[in-house]
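Comments concern the structure below.
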Amino acid sequence: MNAPAILAENINTHYGRSHILRGVSFRVAPGETVSLLGRNGMGKTTLLRTLAGLVRPSSGSVRLNGNDVTGERASARSRAGLAIVPEGRGIFPNLTVAENLTFASRANRKGERPWPLDRVYTLFPRLAERRHHWGNELSGGEQQMLSIGRALMTSPSIILLDEATEGLAPKLRDEIWSTVKQITQSGIAAIIVDKNLNDLLALADRNTIMAKGEIVFDGPSAALRADEALIHRHLGV
Ligand SMILES: Nc1ncnc2c1ncn2[C@@H]1O[C@H](COP(=O)(O)OP(=O)(O)OP(=O)(O)O)[C@@H](O)[C@H]1O
Ligand SMILES: [Mg+2]
């Protein structure tokens, strides 16, 4: 049996005196796609940031592919195979598309680079067309493609996507989902936060819902789809 891509146990995270994550345990199997749902302010971003090492939890442990990274910073977790595509995308405005991508390039622990530049350009032909444009010349959809492409250049085994299609028109949203599908089908595990419940239900192997810093549901799409009361209570639709 392979170790989980991510195994987080009993995570508590505070911002100052505010207790945000309350004993969260979270597991993602290698290659598994897991949605992370919940209303505004429930702690989804805080969980992703805690898993990525951008926020330090007050207690709990995080393992990546069997390696304990609890005490490790974000850079070490990135080397251990975790990539985060943050809300707001965080691309460099004064670098070109090509530079944004190549700056991120890194081999995985086996010394392989499964996502070299040309494979990222094949996945996102739009980025190939725009390779010499500056980061600040890109549309919202292109920025998101670049942010995902950059994550892939780090040769991750798990990718965390926060508000994956926020602000994108439906056509672009579908484009992002189809590339996310290709990425997960290549064997990369994913945790995906997004507002479009139906899109996530179609994409995810398993769904989780967070409410007030706790995981209140964990199950397959069919089980969630069937529970209208739960959807209404926690997702407001
Ligand atoms: N840097 C911070 N300092 C203090 N409190 C914060 C900070 N970031 C978030 N919070 C608070 O932590 C709680 C969880 O926020 P978080 O951003 O994790 O929620 P979320 O589920 O991602 O919400 P959204 O759907 O709006 O993105 C909220 O009450 C928020 O106000
Ligand atoms: Mg958020």
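Any read-out appearing in this document is the output of simple, stated calculations on the displayed coordinates, not a laboratory observation. Please read these numbers as outputs of a predicted model, since none were measured by experiment. As a convention, Cβ positions derive from the backbone with ideal geometry for all residues, glycine included, and neighbour counts pool all protein chains shown.
When you restrict to C-alpha pairs under 8 Å that are six or more residues apart and normalise by the size of segment 6-225, the relative contact order lands at 29 percent. Shown for segment 6-225: lysine pairs separated by 8 or more places, or found on different chains, whose C-alpha atoms are under 16 Å apart, numbering 4.
How tilted is helix 170-185 with respect to the longest principal axis of the chain? Cα atoms for both, answer in degrees (0 to 90, nearest 10). Helix 170-185 sits roughly 80 degrees off the main axis of the chain. Taking θ as phi - 60° and the Karplus parameters 6.51, -1.76 and 1.60, the scalar couplings of segment 193-206 work out to 9, 6, 7, 8, 4, 5, 4, 5, 4, 6, 8, 8, 6, 8 Hz in sequence order, x denoting glycine and proline. Could you work out the local net charge near ALA8, counting Lys and Arg as +1, Asp and Glu as -1, over the other residues with Cβ closer than 9 Å to its Cβ? With Lys, Arg at +1 and Asp, Glu at -1, the net is +1.
Segment 111-181 and segment 1-43 have Cα centres separated by 24 Å. Extension gain, THR96-ASN2: 0.36 nm per intervening residue step, less the Cα-Cα distance, totals 30.0 nm. Over segment 6-225, the Kirkwood radius and the radius of gyration, each from Cα atoms, give a ratio Rg/Rh of 0.95.
Local charge for GLU72 was computed over the other residues whose Cβ lies under 13 Å away, with Lys and Arg +1 and Asp and Glu -1, and equals +4. Loop-located GluC sites (Glu not before Pro) in segment 166-237 (DSSP state not H, G, I, E or B) with no more than 16 neighbouring Cβ atoms inside 10 Å: GLU166. The phi torsions of segment 73-87, fed into the Karplus equation with coefficients 6.51, -1.76 and 1.60 and a -60° offset, translate into couplings of 6, 4, 5, 5, 5, 5, 5, 7, x, 9, 10, 10, 10, x, 4 Hz, rounded to whole numbers, with Gly and Pro shown as x. Net charge in the neighbourhood of GLU175 (other residues with Cβ under 13 Å of its Cβ; Lys, Arg +1, Asp, Glu -1) is +1. Beta bridges assigned by DSSP with both partners in the chain are antiparallel in approximately 60 percent of cases. Spin-label pair HIS232-ARG73: with each label point 7 Å from Cα along the Cα-Cβ axis, the two points sit 5.0 nm from one another. Adding -39500 (n - 2.57) for every DSSP H run of four residues or longer, then dividing by how many residues the chain holds, sets the calculated 222 nm ellipticity at -10000 deg cm²/dmol.
Peptide packing: for 155-162, 62-69, 82-89, the average count of neighbouring Cβ atoms within 10 Å per residue gives the ranking 155-162, 82-89, 62-69, highest mean first.
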